[in-house]
Amino acid sequence: MDFQEFMLGNALPVENRKVTVSKRFVKDGKAIPWEIRAITNDEDETLRKTFMRRVPAPGKAGKRGQYVQDFDGPGYMSALCAACVVYPNLNDAALQDSYKVKDAEALLRAMLTPGELGDLAAEVQEHCGFDVSMADKVEEAKN
């Protein structure tokens, strides 16, 4: 079997994408696009581990000393969005100071309305490939 198409040099890069996150940030009467990137699998694994916690097993079902895994989905999504935003630079001290926050995730929450943050999260998930089910991928491959 020939698998040359799968060699690193033949893989198309995942380009950054410009998205309109908010109509409230304008220049010359037009919304300023944000730039997002797709993170790597290693970056995603590190993020996921950060938001995975061991907690005591709930209620009577859990015996003393037993633990279960608990995943902080909202925390992960906030960190994922912050990791994927290239522009504006969410780590810029002057930008953070203007909103009186000290990290990228807090800056996103301060800058954007809940709906805008939800739109950004949807764009980030799509760009990272989380929006397409395996069935959709199989169907696309058939065509």
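How much accessible area per residue does the chain have, in Å², with a 1.4 Å probe? Each step should come with its number before you reach the end.
Details: 10420 Å² over 143 residues.
Dividing the accessible area of the chain by its residue count gives 73 Å².
Nearest 0.05, what FRET efficiency do ILE32 and ASN91 give at R0 = 25 Å with Cβ-Cβ as r? Step by step, r from the Cβ atoms, then E = 0.90.
The residue among GLY129, MET111, LEU95 whose Cα reaches farthest toward the positive pole of the charge dipole of the range 70-135, with charges on the beta-carbon of Lys, Arg, Asp and Glu, is LEU95.
Leaving ligands, DNA and RNA out of it, report the carbon-plus-sulfur percent of the accessible area of the chain at a 1.4 Å probe. Carbon-and-sulfur percentage of accessible area, whole number: 54.
Over all directions, what mean area does the Cα convex hull of the chain project, stated in square nanometres? Write out the running numbers ahead of the final one.
On the way: hull surface 59.0 nm².
Value for the chain: 14.7 nm².
Note on THR50 and GLU126: their simple-model spin labels are 2.5 nm apart, each label 7 Å out from Cα toward Cβ. Rounded to the nearest 20 debye, the dipole magnitude of the chain is 860 debye, with +1 charges on Lys and Arg beta carbons, -1 on Asp and Glu beta carbons, and the Cα centre as origin.
So if a site counts as exposed when it's one of the chymotrypsin sites (Phe, Trp or Tyr not before Pro), its DSSP state isn't H, G, I, E or B, and it has at most 16 other Cβ atoms within 10 Å, what's the longest stretch of the chain without one? Before the final figure, lay out the partial values.
Details: sites that count: PHE3, PHE25, TYR99, PHE130.
Segment 26-98 is the longest.
For ALA57 and TYR99, a Förster radius of 41 Å and the Cβ-Cβ distance give a FRET efficiency of 0.55, rounded to the nearest 0.05.
The values are calculated or read from the model by the stated rules, or taken from the named source; none is laboratory data. Note that the structure is a prediction, hence the values are computed from the model and not measured. In this analysis, Cβ positions are derived from the backbone assuming ideal geometry, glycine residues included, and neighbour counts consider all displayed protein chains. Ligands, DNA and RNA are stripped out before the accessible areas are found, and what is left, the full protein with its side chains, is counted by its heavy atoms. Shrake-Rupley method; radii C 1.70, N 1.55, O 1.52, S 1.80 Å.
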